[in-house]
Amino acid sequence: MAKGFLMVLSGPSGSGKGTVSKALMEKRDDIVFSVSATTRKPRVGEIDGENYFFLSEEKFQSMVENNEFLEHAFVHTNYYGTPKKFVMEEIEKGEIVLLEIDVQGALQIKKNYKEAVFIFLLPPTMDELRERIVKRGTETEEDINTRFSNAFKELDFVGEYDFFVVNDKVENAVDDIEAIIHSERLRVKRHKDIKKQVTMQGGK
Ligand code: 5GP
């Protein structure tokens, strides 16, 4: 069986990462979502252990010290990190592990995990992006401005990614990501012994 891999999805606040990931996971059963830890307070409707592990700064720092994160970063005004153990176990099982993380985290992963796939999700326009953040209605005016100005800075990093996907419509973005997954599954380096796979199916 082919090993699984890390699939990193980044994109500015309002690019629709959450919506696209959810739609993708509803469609496929070979993707598991890596629940991040954060020191941010939960938004209305967010569930601990499902959307994030909501931690105190002390708990977060102790996980950093114990080397329990695959990557971690200070994003906007809070700490975020990817717990390592879950990700490594799922990859061994052959799953695709979806990491919805910012560019700083993605760059850390890129350095340490060569086999990860990096996708950058873009809004159709920056005007649309701002409208989406405002419409979401979960942030203060100050937070909206921070997220919007950070969005411009994040766009500078798109060149570090393998693929870009424009989220004009969720279905289109999901189709594009599925095409990427299809090709990644066919990568020779992701299979141990292709000759054996073929000969075991009756070839000579
Ligand atoms: P939000 O507060 O809107 O849920 O997320 C803010 C930003 O933090 C988003 O860009 C999101 O992708 C990023 N983020 C979420 N989890 C992680 C993580 O584990 N590591 C890093 N580096 N960024 C994360």
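Under 19 Å from Leu129 (Cα atoms) and not in a loop (DSSP other than H, G, I, E, B), is that true of Ser13?
Numbers: under 19 Å from Leu129 (Cα atoms): yes; not in a loop (DSSP other than H, G, I, E, B): no.
Spelling it out, it is not the case that Ser13 is under 19 Å from Leu129 (Cα atoms) and not in a loop (DSSP other than H, G, I, E, B).
Quick check on region 46-69. Is at least one of its residues assigned to a strand (DSSP E or B) and among the aliphatic types (A, V, I, L, M)?
Filtering region 46-69 down to residues assigned to a strand (DSSP E or B) leaves 48, 52-54, 69.
Subset that is among the aliphatic types (A, V, I, L, M): none.
The answer is no; no qualifying residue exists.
In region 5-51, the residue that is nearest to Ala106 (Cα to Cα) out of those that are buried (at least 19 other Cβ atoms within 10 Å of the Cβ) and among the hydroxyl-bearing types (Ser, Thr, Tyr) is Ser10. Restricting attention to region 72-105, the residues that are closer than 18 Å to Thr146 by Cβ and touching a strand residue (DSSP E or B) at 6+ places or on another chain (Cβ under 9 Å) total 11.
Residues that are within 12 Å of the ligand (Cβ to nearest atom), at least 2 per element: which helices (runs of 4 or more DSSP H) completely within region 83-187 meet that? Spell out the reasoning first.
Values: elements: 84-92, 103-112, 126-136, 141-155, 170-185.
In region 83-187, the matching helices (runs of 4 or more DSSP H) lie at 84-92, 103-112, 126-136, 141-155.
If you filter region 70-82 down to residues that are more than 8 Å from the ligand (Cβ to nearest atom) and aromatic (Phe, Trp, Tyr), you find that the one that is surrounded by the most Cβ atoms within 10 Å (Cβ to Cβ) is Tyr79.
For residues that are basic (Lys, Arg) and either at pLDDT below 95 or more than 11 Å from the ligand (Cβ to nearest atom) (or both), tally how many sit in region 18-50. Let's see the steps before the verdict.
Residues of region 18-50 that are basic (Lys, Arg), as a first pass: 22, 27-28, 40-41, 43.
The next check asks that each one be either at pLDDT below 95 or more than 11 Å from the ligand (Cβ to nearest atom) (or both); those that pass are 22, 27-28, 43.
The number of residues fulfilling the criteria is 4.
Taking (1) within 16 Å of Ala37 (Cα to Cα); (2) modelled with pLDDT of 95 or more in turn, Ile119 satisfies each apart from (1).
Going residue by residue through region 57-67, is there one that turns out to be modelled with pLDDT of 95 or more, more than 9 Å from the ligand (Cβ to nearest atom), within 30 Å of Lys192 (Cβ to Cβ) and not small (Gly, Ala, Ser)? Steps first, answer last, please.
Just the residues of region 57-67 that are modelled with pLDDT of 95 or more, to begin with: 57-67.
Imposing the further condition that a residue be more than 9 Å from the ligand (Cβ to nearest atom) reduces the set to 57-67.
If we keep only those that are within 30 Å of Lys192 (Cβ to Cβ) too, we end up with 67.
Now narrow it down to the ones that are not small (Gly, Ala, Ser): 67.
Yes: one or more hits.
The values are calculated or read from the model by the stated rules, or taken from the named source; none is laboratory data. Predicted model only: the values in this text are computed from it and were never measured. FYI the Cβ positions are ideal-geometry reconstructions off the backbone, even for glycines, and counts take in every protein chain you see.
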